[in-house]
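Remarks on the structure that follows.
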Amino acid sequence: MSGICTGCTLPYSRAWCVGKRQDELEKLIDIYKFERVKSAEVVLADLILSTLPTIPSDVIVVPVPTVASHVRNRGYDHIKIITRKISKATGLTHIDCLDRLTTATQHGATASQRVEQAKVAFGINSKFIKNMTYLLIDDVFTTGSTVRFAAEKLREAGAKDVWVAVIARQTID
């Protein structure tokens, strides 16, 4: 297979992405995250929903937890809101079973910094249910470190499988 890394083993088995973080999609994400235009949640959730296939009814939707200072600054947890909308639209269970253990932010970090920060960023809480498939939702996939280590925590805790859905893919310049 051309273009597929055979040397990597990821803790998730499926992944979906709405598109590249550019043009209108970039503007939409930025106003939602940085300009507090909370109403953008509807369009962003709909974009993920339009990208996903039909998901089995026993899959649990879980957000990648946001750094607490960002939640305070925005006044809302942007990914938690989107995952709840996805859960409501699909009838899937939404559980906040991942905790953010650190205050480091990925925005502006180098690729190597992102890996080191993400390795220690997540923990599992008592809401976690073993032997279930989890759909992990995040907004932007840059190096993949955030979803990789969040999914790894879910797998280590006993998730049967982890799938990932993100709004946008961004490269580091």
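Readers should treat all values here as calculations from the given coordinates under stated rules, not as data from a laboratory. These numbers were taken from a predicted model, which means no experiment stands behind them. When we count neighbours, we look across all protein chains shown, and the Cβ atoms used for this are built from the backbone with ideal geometry, even at glycine.
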Notebook entry, point to check: Listed here are the pairs 27/85; 20/130; 20/85; 27/153; which of them are more than 25 Å apart at the Cα?
Noted result: 20/130; 27/153
Check: In a shell of Cβ-Cβ distance under 15 Å around residue 149, excluding residue 149 itself, what net charge do Lys and Arg (+1) and Asp and Glu (-1) give?
Finding: +1
Next item on the list: Under 1.5 on a/c is rounded, so check that first for the chain, then, if it is not, pick prolate when a/b is larger than b/c and oblate when it is not; a ≥ b ≥ c are the square roots of the alpha carbon gyration tensor eigenvalues.
Entry: rounded
Item checked: Cut-off 15 Å between beta-carbons: net charge of the residues surrounding residue 85, Lys and Arg +1, Asp and Glu -1 -> -2
Check: So how do 121-130, 81-90 stack up, highest first, on mean other-Cβ count within 10 Å?
Finding: 81-90, 121-130
Margin query: Give me the one-decimal nm value for the distance between modelled label points at residue 20 and residue 36, 7 Å along each residue's Cα-to-Cβ direction.
Written below: 3.3 nm
Next item on the list: Name the residues whose placed amide hydrogens come within less than 5 Å of the amide hydrogen of residue 141, ignoring near sequence neighbours (fewer than 5 apart) on the same chain.
Entry: 168, 169, 170
Next item on the list: Taking the Cα centre of the chain as origin, work out the dipole magnitude from +1 charges on Lys and Arg Cβ and -1 charges on Asp and Glu Cβ, in debye rounded to 20.
Entry: 320 debye
Checklist line | Per-residue HN-Hα couplings for region 142-154 [Karplus 6.51, -1.76, 1.60; θ = phi - 60°; Hz; x = Gly/Pro] | finding: 9, 9, x, 4, 4, 5, 4, 7, 5, 5, 4, 4, 4
Next item on the list: Rounded to the nearest 500, what is the 222 nm mean residue ellipticity of the chain from helices alone, with -39500 (n - 2.57) per DSSP H run of 4+ residues and division by all residues?
Entry: -11500 deg cm²/dmol
